[in-house]
Amino acid sequence: MKANYGYLDGSGQYFITIDTDHCTTCPHHGCVTGCPKGLFEIIVDDYDDCVSQVNEAARKKVKYECAACKPMANRPPLPCMAACTPGAITHSW
Amino acid sequence: MAQEFWRWKEYNWHDENIQPNGAAITGGVDVGSVSSQAVLLVNGQLYAYSSTRTGSDSPNSSKKAMDWALEGTGLKLEDVKFIVGTGYGRVNVPFANRAITEIACHARGGNFMYGPTVRTILDMGGQDCKAIHCDPVGKVTNFLMNDKCAAGTGRGMEVFADLLSVPIEEIGELSFQVEEEPPPVSSTCVVFAKSEASGLLRKGWPKNKVIAAYCNAMAHRVVTLLERIGVEKDFAITGGIGKNIGVVQRIERELGVTALKAKYDPQIAGALGAALFAKALLEKGK
C-alpha cells in the first residue's frame, strides 16, 4: 500500500509517501532514527503489518518540518530516504 | 427557534427478512466528525444500520448509533459477537473489540457495496476527503487524504446550507437550476468561499447560482486530490456527499468518469467495512 501523509493547500502539494509493501520487509526501520525531526514512528497497520508512518502531529506541517533538510541549493540526500534501505519513502516536493 | 438548514435527518433501517437468532452477528461503528453510523451483519449479510449526528462526546455518539441500529431488531449489544470501531472517534468506542482506520474500512465497505470491480473510492466525509485505491478484495493499495481544510467536505456543505437558508437535502437538485454553470467560488478554504458567496448574494446572484458555484468548487477541490493518485475504473463515491447529485455529477463531468451507483446508502460504507473486518476477525478468533 502507498500511504501518503501530508496535505495539499493553496501553495502546493506536500506528501511523504511510504510504500508499506517495501517498508514491511525492513528489519530495522532506520527512518525512525534517521529523521532529525522524528517524524516517523512504527505501528501495526490495519492489515497487521509492522510499518512506518508519519506521526499524526506532523502530517499537517510536513512542508515546514522537512524544510531544514531541503535547502534551495546543494541539497544533500534526505536523511529519511537515505536511512530507508528498502527505498519505501518518497517526497512529493 | 430558527430553522437549522444544515440539520440532516437521522435514520435507521433493518431487514425484516433476515432472522438473526443463532447467527454470527458482527458490528461496525463509524464515529465521524459530523455523523456516526452503526452497521450490523448477520452471517456477513447486511442486516441493520443507523445514521445519527455525532455529538461532542464520542463514546455517547457511538452508543447512540449502535442502540439505534439495534432498535426494533430484538437484539441486544451483548448479542453482537465482535465490533470494530472506525472514524475519528474510533478509539473512543467503549464496546469495540478493535479500532481500524476509516481508510481501510471505506475500501472494504466500498468493495461490498459496489462489487469487486471498484478500484478508486472517493470518501467525502464530514471533515476530510480521502481518495483510496483498492484491490479486488477491498484492500487499500494507495490512499491520499486531505484533512487540512473543510473545503470539499460535508461540513463545508452544511455551512453553505445555513448561509443560503436551503435545506441540505435540496442543495444538489437546486444547483442544476441555473441557465449556465457559474465559475467556482474559492476552493482553497470554506471560510473564504463563504465570504465570497456572501459577496455574490449581495451582488444579486440567486441562491441557485451560488449553490452551483459552491458545488463546482467542491467538485474541483476533490478532483485535484483524485488526480494526484489517479482514477482507475471503476470509480465510486462514499460518504454523505455521495448523496448530493450536485457535487457527484460535477465530479463525474470534470473527471470524465461515471461513478458506480450504490446498492446501499453510501454514508454507511465506513461502518459497513468495519463490520466486515469484525466478521473476518471473529472468524480468525482475534
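Here, each number is a calculation from the coordinates, and none is a lab measurement. If you're wondering where the values come from, they're calculated on a predicted model, not measured in any experiment. FYI the Cβ positions are ideal-geometry reconstructions off the backbone, even for glycines, and counts take in every protein chain you see.
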query = Tell me, what HN-Hα J-couplings in whole Hz come from the Karplus equation 6.51 cos²θ - 1.76 cosθ + 1.60 at θ = phi - 60° for each residue of region A:22-36, using x for Gly and Pro?
reply = 7, 4, 5, 7, 7, x, 10, 6, x, 4, 4, 8, x, 7, x
task = Kindly provide log₁₀ I(q)/I(0) values, in the same order as q = 0.06, 0.11, 0.13 Å⁻¹, from the Debye equation applied to equal alpha-carbon scatterers of the protein assembly as shown.
result = -0.24, -0.80, -1.07
ask   = region B:228-243 to region B:245-286: how many Å between their Cα centroids?
value = 9
Angstrom value of the Kirkwood radius, inverse mean 1/r, which spans all Cα pairs in chain B = 19.1
inquiry  = How tilted is helix B:58-70 with respect to the longest principal axis of chain B? Cα atoms for both, answer in degrees (0 to 90, nearest 10).
reply    = 70
key: Efficiency of FRET from Cβ geometry, B:GLU169 and B:ASN43, R₀ 45 Å, rounded to 0.05   = 0.85
message = What is the distance in Å between the Cα centroid of region B:176-205 and that of region B:71-121?
response = 37
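Equivalent-ellipsoid semi-axes (√(5λ), Cα gyration tensor) for region B:55-100, whole Å, largest first? Walk me through the intermediate numbers first.
Working: eigenvalues 66, 35, 9 Å².
Value: 18, 13, 7 Å, ordered largest first.
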ask   = Per-residue mean of other chain beta-carbon atoms within 10 angstrom of the beta-carbon, peptide A:2-13?
value = 5
ask   = Percent relative contact order of chain B, based on C-alpha pairs within less than 8 angstrom and at least six residues apart?
value = 24
request  = For region B:75-81, take each phi angle, set θ = phi - 60°, evaluate the Karplus expression 6.51 cos²θ - 1.76 cosθ + 1.60, and give the result in whole Hz per residue in order, putting x for glycine and proline.
outcome  = 9, 10, 4, 5, 6, 8, 6
ask   = Counting alpha carbon pairs within less than 8 Å and at least 6 residues apart, what relative contact order, in whole percent, applies to region B:119-259?
value = 30
inquiry  = Please list 3J(HN,Hα) in residue order for region B:155-162, calculated via the Karplus relation 6.51 cos²θ - 1.76 cosθ + 1.60 where θ = phi - 60°; whole Hz, with x for glycine and proline.
reply    = 5, x, 5, 5, 4, 6, 4, 5
request  = Provide the packing ranking of B:191-199, B:247-255, i.e. peptides ordered by the mean count of other C-beta atoms within 10 Å per residue, highest first.
outcome  = B:247-255, B:191-199
inquiry  = Can you give me the angle between helix B:190-203 and the longest principal axis of chain B, using Cα atoms only, in degrees from 0 to 90, rounded to the nearest 10?
reply    = 40
request  = Report the Stokes-Einstein translational diffusion coefficient (µm² s⁻¹, integer) for region B:119-259, Rh taken as the Kirkwood radius over Cα pairs, at 10 °C with viscosity 1.306 mPa s.
outcome  = 106
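Estimate the FRET efficiency between B:ASN21 and A:ASP48 by the formula 1/(1 + (r/R0)^6), using the beta-carbon distance for r and 22 Å for R0, to the nearest 0.05.
Working: r = 32 Å, r/R0 = 1.47.
My answer for the efficiency is 0.10.
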request  = Before anything else, pin down the relative contact order of chain A: Cα pairs under 8 Å, at least 6 apart, normalised by residue count, whole percent.
outcome  = 36
key: Shielding by partners, peptide B:135-144 (average Cβ within 10 angstrom, other chains)   = 4
query = So what's the angle, to the nearest 10 degrees on a 0 to 90 scale, between helix B:102-114 and the longest Cα principal axis of chain B?
reply = 90
Mean shadow area of region A:2-91 over all directions, Cα convex hull, nm² = 5.8
